[in-house]
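What follows is calculated from the coordinates using simple rules that are stated; it is not laboratory data. Quick caveat, the model's predicted, so the values are computed rather than measured. Please note: Cβ atoms are built from the backbone with ideal geometry, for glycine as well, and neighbour counts cover all protein chains shown.
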Amino acid sequence: MNNKPIDRRDFLKELGMASALFAATPWLSVFSESKQTNNEKCRLGIIGPGSRGRLHMSFLAQNPKAEMAAICDIYQPSIDEALKIAPKAKVYRDYRQLLDDKSIDAVLIVTPLNTHYQIFIDACEAGKQVFCEKTIGFTMDECLAMYNKHKEVNNIFFTGQQRLFDPRYIKTMEMVHQGVFGEIAAIQTFWNRNNDWRRPVPSPELERHINWRLYKEYSKGLMTELACHQLQIGTWALNKMPETVMGTGAITFWKDGREVYDNVHTIYTFDDGKQMTFSSVISNKFYGLEEQILGNKGTVEPEKGKYYFENVDPAPGFLQLINEWENSLFEKIPFAGTSWAPETANVNNGEYITGERPKVDGTSLLLDAFVEAVITHKQPARVVEEGYYAAILSLLGHEAIERGEILTFPDKYKLNYMNHKAITNTENV
Ligand SMILES: NC(=O)c1ccc[n+]([C@@H]2O[C@H](COP(=O)([O-])OP(=O)(O)OC[C@H]3O[C@@H](n4cnc5c(N)ncnc54)[C@H](O)[C@@H]3O)[C@@H](O)[C@H]2O)c1
């Protein structure tokens, strides 16, 4: 990924900072006081500066308000690489020692999924502000306990849901909520790739340490590593949580000793019957990755950064001719009818949401926002609830796959039962 940060001023100018926008994306308010904090710094400790952690460090290195004061890892090559980005950082090999360092204001937890919970709880108890990568917890109970701990100590808590700060997604949601695409009936999300998802291992005993994503002890595979981002888009678009989920998963191609599925399909259903799907196949990349939001007036694909209206100019003459010929042919076959003839032969290239094809996502702004929140000590509304619910949905989907049952969203994990169906209003959570 490109590690040039999005310019914050351009970003806010482009979005217009309208009050309606703030109502739908209240976490952006974090930037409104940034001028007053120009001379202040946030001293950060990075726990687990592996692949993702070092991407974060490359962004933080470009933020004058962020000082990468310490790093902690249990793997020397990660420490060596991280020191190339932050040569003055103090090095720890046990995260508890980093947490004891009173000069550190905030930590980034960028370790494998199974370790997040304990590091998070210890960090909160040590009085640190915390950015924790997604999926926040390994189980739904861990996620709830993390949320409650954050409420108890009243610290800053951000999660690694960068789409919340991505101009493509923010604009998309503004248009969806204004009704530009009509009534949204379904959201289809998928993340396909064609590779084994493995990293090279320098020696065999490091296999699980390096390829932790492939083993059940550390990760729940595609559901926790990928679905977490995409399910959040559906609930953001519809402003509510699904009621039930069903799914299936298998290892169908990469039979190489991994324990997590390489092929999953899940369906989440809302109280009014609307549906959201997440699927991931990692032996075919043709359709890539997308969240398709389907309304009766149009479709939006935020990842691609494009939208398409249902009504477009008539098809070019040649395609129109084929279409008409096929339809007339099918009309002569009584039992077939025309239902499976092409609906339309129109070519619809759509429009770009933000003027041009975007080159970066919202990660740099998410980190800027975290730094800003640490300095002002103001937790922006809903930012953590979005990460919490994304985690619960991923884990519930995983459980539905494992049990082979249709699962209902348990009341226990609804942060505020009354407000659960309208997650925009988490004021009283
Ligand atoms: N938001 C996103 O788009 C995104 C993208 C990639 C990864 N992630 C998340 O970031 C996290 C890390 O993923 P990654 O790809 O960087 O993994 P990684 O394996 O590249 O890095 C993890 C690092 O943590 C270190 N580590 C492991 N246990 C530790 C411990 N107890 N104390 C200190 N260090 C420890 C490892 O040695 C390694 O350097 C995961 O939670 C992952 O889901 C998020």
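Structure notes:
- Each label was represented as a point 7 Å from its Cα along the Cα-to-Cβ direction; for Asp122 and Asn195 these points are 3.2 nm apart.
- Applying the criteria of a DSSP loop state and at most 13 other Cβ atoms within 10 Å to the GluC sites (Glu not before Pro) of segment 217-303 yields Glu217, Glu259.
- Dipole magnitude for segment 207-271: about 80 debye, using +1 per Lys or Arg Cβ and -1 per Asp or Glu Cβ, origin at the Cα centre.
- Gain in span if fully extended, Glu310 to Thr139, counting 0.36 nm per residue against the direct Cα distance: 57.5 nm
- The stretch between Asn348 and Asn38, if pulled fully straight at 0.36 nm per residue, gains 107.0 nm over its current Cα-Cα span.
- Radius 15 Å from Cβ of Asn192, net charge of other residues (Lys, Arg +1; Asp, Glu -1): -4
- Among the listed pairs Lys128/Lys151; Lys102/Lys134; Lys274/Lys297; Lys378/Lys414; Lys151/Lys414; Lys134/Lys306, those beyond 19 Å (Cα-Cα): Lys102/Lys134; Lys378/Lys414; Lys134/Lys306
- Here the spin labels are modelled as points 7 Å beyond Cα on the Cα-Cβ line, and at Gln275 and Glu217 they lie 3.9 nm apart.
- Peptides 390-400, 127-137 ranked from most to least packed by the mean count of surrounding Cβ atoms within 10 Å: 390-400, 127-137.
- Efficiency of FRET between Glu207 and Asn239 - r from beta-carbon atoms, R0 30 angstrom, step 0.05: 0.10
- Relative to the current alpha-carbon distance between Asn148 and Ala185, full extension at 0.36 nm per residue lengthens the span by 10.0 nm.
- The order of Lys220, Lys149, Lys255, going from fewest to most other C-beta atoms within 10 Å of their C-beta, is Lys255, Lys149, Lys220.
- Summed residue charge, Cβ within 13 Å of Lys102's Cβ, Lys/Arg positive, Asp/Glu negative: 0
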